[in-house]
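Rule-based calculations on the coordinates, nothing more; no lab input. Computed from a prediction, not measured in an experiment: that's the story for all the values here. Because the Cβ atoms are built from the backbone with ideal geometry, glycine has one as well, and the counts that use them run over all protein chains shown.
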Amino acid sequence: MESHNAPAPISLGRGVFVVFSQYWLTHRSFYANIFNYQRSSLRLGNFGTDPGSLSADIYIPENFPKNGPLVVVLHGSTQSAESYDIGSGWSTLADECGIALLFPGQRRTNNLIGSFNWFETGDSQRGGGEPLSIRHMIKTGR
């Protein structure tokens with residue numbers, strides 16, 4: 001595997017990592033058996049209290065093993081989860097490696113340019129705001 005100088009991931013605790021840019025990491029098992037395998041791309045509707053008011057898409061390739069790894073992928077400013085996936089090739093990588101992808105999405109009502117609010121106190125600490133929404137997204141898969 002080619003070595004990259006990837007930026008350091010941000011840990012949400014208990015082995016879950018958020019990945020920026022086009023570098024990827026895997027974390028603990030993700031129980032995808034609750035999802036419909038007939039569709040590989042799903043919109044998560046209800047994933048907890050969602051204090052960050054985010055959206056969530058998940059991509060599960062056909063070759064995803066039971067209890068396989070999950071990568072959390074955050075898009076950049078002015079992007080959507082869908083446009084970032086299309087432009088970056090994450091789904092292709094997931095198909096090749098058998099990994100599930102979770103794409104949290106920012107809503108324009110939260111940030112006009114579509115950025116995650118990492119600079120806001122309520123959205124930059126464990127246990128609240130956007131980090132808690134992402135944690136709830138991950139827990140939905142258990």
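At a glance:
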read-out: Extended-chain gain in nm, criterion 0.36 nm per residue less alpha-carbon gap, residue 83 and residue 126; value: 12.7 nm
read-out: Qualifying GluC sites (Glu not before Pro) for segment 73-140 [loop in DSSP, other Cβ within 10 Å: at most 16]; value: 120
read-out: Within segment 95-111, backbone nitrogen closer than 14 Å to the virtual label 7 Å beyond the Cα of residue 53 toward Cβ; value: 106-111
read-out: Label-point separation in nm, residue 63 to residue 42, each point 7 Å along Cα→Cβ; value: 2.1 nm
read-out: Leading residue at positive end of dipole, segment 40-100 (Cβ point charges), from 54, 42, 90; value: 54
